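The values are calculated or read from the model by the stated rules, or taken from the named source; none is laboratory data. Because the structure is predicted, anything quoted here is derived from the model rather than measured. For neighbour counting, all protein chains shown are included, and Cβ atoms are generated from backbone atoms with ideal geometry for every residue, glycine included. For the accessible areas, the whole protein counts, side chains as well, though only heavy atoms, and no ligand, DNA or RNA atoms are used. Shrake-Rupley method; radii C 1.70, N 1.55, O 1.52, S 1.80 Å.
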Amino acid sequence: MGEFVGIDPLGADKLIRQMEKGKDILGRTRPGLEAAISDAGADWAGRGGVTAMHRTWAFFHESQQDLKWRIDTLKRLVPTQQKGILTATLPFDSRTEAEQTAKKDAATILGALKRHDEFLTRESWTQVEKAAEALKGRVDDPAYAAALLSALGPKALQKLFRDWMNTQAPGDRRGLSTAAGERARDGSPGLLAKAFASAEGSGRLGPEWKELVETAPSDILTALVTLTPQSSTFLTRVATNLLNRPPSSDSFPTDPNRNLYNLAKAFAASPEVFQRFLVEHPKEGATLLDAYTIKSSGVPAYQEALAQALDGALKPGFGADDVRERAWLNVINIVGGKDSSWLGGGLGTFPDSPISRALARNMGPILDALARGEADKRARDAYKQAVADKALHPPLPPPYLAARAPWNTLDPASSARFFGALMQDRTAADILTKSAREYIESMDMGQFSPSARDSYSSAAFYNYAARAGGISSLLMSGSTYAEWSDDEYADWLAGTILMPVDYADQFLPPVGRIAGTGKAKLLDEMKERLKKIITDYLDAKTPDEAGDVASRLTNLQVDVMIESLEAAGHGPLSSDEHATLRDAAMGRLAGALTNALVLRGG
């Protein structure tokens with residue numbers, strides 16, 4: 001057992017950099033100084049200076065190596081993000097001792113492995129496991145781990161993993177099962193995976209290990225990244241390589257694909273790596289999230305593992321905002337892309353998907369960007385139509401709706417399909433609907449008036465109304481893919497149509513607002529009337545087309561509101577206020593509502 005140390009990693013890293021600068025100065029000065037001394041010959045007064053420079057450079061270099069070894073070992077022994085002094089007892093007194101011990105342990109393991117090759121029995125393998133027990137408490141020392149792996153070599157490491165799998169988990173032919181993984185973690189594979197993480201993560205592996213990711217079997221690679229957290233570089237390389245391998249590359253391609261499951265678990269344990277992976281590797285991310293991949297993996301728990309990884313990488317506030325948003329953008333384009341197999345095709349639907357629920361739970365902060373994109377698209381479509389109709393004054397799209405980067409690259413049609421993919425799961429649909437309602441309420445439209453004399457207040461009101469309409473339109477589009485009965489759909493659609501009514505009267509003067517109890521009663525009455533219109537359409541009890549039904553729903557909503565205000569003794573609204581109320585109450589849903597009814601069928 002080595003010494004007890006306490007080191008401030010940040011301060012030590014700074015000292016190492018300072019010594020490197022000193023080495024650089026000495027290295028650049030030494031050749032010129034040596035040449036000057038040689039030219040001067042006996043006339044040079046300070047001949048001992050060159051020796052001093054050599055010794056100083058060597059002192060800096062050796063001190064750097066020793067200090068880096070101590071820091072790297074300490075970080076492995078005390079894995080924390082806290083600042084300040086870290087303390088622990090090192091496994092060895094020196095880097096030299098660690099390396100010499102590793103070579104002896106490797107020789108013992110290789111000897112046991114050779115004897116196992118002669119007998120190939122469980123008893124002979126037990127001797128290999130016994131030899132590997134020496135690694136306990138030592139592999140967190142990066143110098144020890146690097147020397148161990150160097151002595152073993154890539155082929156012997158893979159053989160140790162393969163022989164363990166053949167003797168301890170012979171039925172797991174395409175990745176370790178959860179139970180086998182637990183046994184492996186407590187045995188030689190777990191110790192070897194830790195050694196690899198320690199050596200590779202500290203940059204001590206030799207060049208002979210560079211091709212491991214390209215040449216090792218998939219199940220060995222996924223075992224390495226699952227049994228212990230590996231560096232972000234190695235995990236990303238493994239994922240990128242495996243997700244580009246054809247299924248036929250596995251020895252048993254028809255077995256349940258636990259390699260995918262184990263890769264998802266590794267990402268769930270390293271959410272910051274997965275977040276960056278989604279941003280930088282959209283092609284491979286698409287393979288992970290592909291509906292066919294999910295349906296054909298043969299491992300029911302794969303969806304749950306991938307949902308946990310997505311939840312960690314995309315949850316609000318995790319990581320840098322710009323990175324997280326770019327990760328979201330790629331996920332939306334993958335799941336909601338025009339060629340996505342999440343919607344349509346022969347793979348079926350996703351009515352009970354933990355992936356959908358994980359995504360829906362974390363969408364709150366990005367709803368505004370999606371709502372702006374949908375509202376801006378609608379405004380641009382209106383402008384294009386007006387131009388096509390040769391209108392003299394086509395309505396210019398308001399600049400306040402334009403989405404900022406990176407959302408300005410997202411096709412709103414992809415957003416709509418993304419909503420549809422998620423809303424195949426009723427729980428996810430409810431989560432999305434609740435988040436949309438909270439988003440609309442958070443805008444507090446009542447603080448601005450559409451008839452205000454200053455242009456800012458009226459523009460702000462219409463800005464909010466357009467965004468409320470945008471998010472509701474996305475919900476409408478997504479609802480067409482929901483696996484609901486007609487009655488459930490009618491109930492949900494009526495509630496979504498009424499969403500703007502909760503704030504629609506807020507912009508009226510206080511004397512004109514509906515009392516809380518009266519509003520609740522009004523909403524209940526309206527909902528029942530809306531449901532009947534929708535249900536009659538779905539049951540083909542009316543000859544009306546979808547557009548006619550959407551218009552009736554819009555007019556009913558506004559008429560009931562106005563009638564209630566007048567019945568309460570308030571004066572009638574002006575025609576301008578009437579039109580404004582109609583827009584706000586409906587959230588500008590007419591087009592999306594019509595499309596939803598058409599796709600649902602009547």
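Here are the numbers for the structure shown:
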{"item": "Single unsatisfied condition, residue 536 versus (1) modelled with pLDDT under 70; (2) surrounded by fewer than 16 Cβ atoms within 10 Å (Cβ to Cβ); (3) part of a helix (DSSP H, G or I)", "result": "(1)"}
{"item": "Residue identified as surrounded by fewer than 18 Cβ atoms within 10 Å (Cβ to Cβ) and closer than 16 Å to residue 265 by Cα among 167, 178", "result": "178"}
{"item": "Hey, residue 527 open to solvent by less than 90 Å² (accessible area, probe 1.4 Å) and either modelled with pLDDT of 65 or more or at positive phi (or both) or not", "result": "yes"}
{"item": "Identity of the residue in the range 133-152, open to solvent by less than 10 Å² (accessible area, probe 1.4 Å) and not charged (D, E, K, R), that ends up farthest from residue 107 (Cα to Cα)", "result": "142"}
{"item": "Given (1) touching a residue at least 12 places away in the same chain (Cβ under 8 Å); (2) within 18 Å of residue 291 (Cα to Cα), number of the condition residue 364 does not satisfy", "result": "(2)"}
{"item": "Exclusive hit being charged (D, E, K, R), more than 19 Å from residue 114 (Cβ to Cβ) and open to solvent by 60 Å² or more (accessible area, probe 1.4 Å), set 172, 186", "result": "186"}
{"item": "Filtered residue count, the range 454-483, keeping only those that are open to solvent by 10 Å² or more (accessible area, probe 1.4 Å) and either outside any helix (DSSP H, G or I) or not aromatic (Phe, Trp, Tyr) (or both)", "result": "12"}
{"item": "Looking only at the range 82-109, and only at residues there that are open to solvent by 40 Å² or more (accessible area, probe 1.4 Å) and assigned to a strand (DSSP E or B), the one that is modelled with the lowest pLDDT", "result": "87"}
{"item": "Residues satisfying the stated conditions in the range 284-300, i.e. touching a residue at least 40 places away in the same chain (Cβ under 8 Å) and open to solvent by 40 Å² or more (accessible area, probe 1.4 Å)", "result": "287, 290, 292, 295, 298"}
{"item": "Single residue of the range 117-132 satisfying the filter (within 20 Å of residue 185 (Cβ to Cβ) and either of a type outside the set (Phe, Trp, Tyr) or open to solvent by 90 Å² or more (accessible area, probe 1.4 Å) (or both)) that is modelled with the lowest pLDDT", "result": "122"}
{"item": "Which numbered condition residue 355 fails, given (1) within 26 Å of residue 282 (Cβ to Cβ); (2) surrounded by fewer than 21 Cβ atoms within 10 Å (Cβ to Cβ)", "result": "(2)"}
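To keep it simple, each residue is scored yes or no on (1) in contact with a Gly (Cβ under 8 Å, 6 or more places away or on another chain); (2) open to solvent by less than 30 Å² (accessible area, probe 1.4 Å); (3) without any contact (Cβ under 8 Å) to a residue 40 or more places away in the chain; (4) among the acidic types (Asp, Glu).
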residue	(1), (2), (3), (4)
218	yes, yes, no, no
223	yes, yes, no, no
229	no, no, no, no
233	no, no, yes, no
248	no, no, yes, no
262	yes, yes, no, no
269	no, no, no, no
272	yes, no, no, yes
279	no, yes, no, no
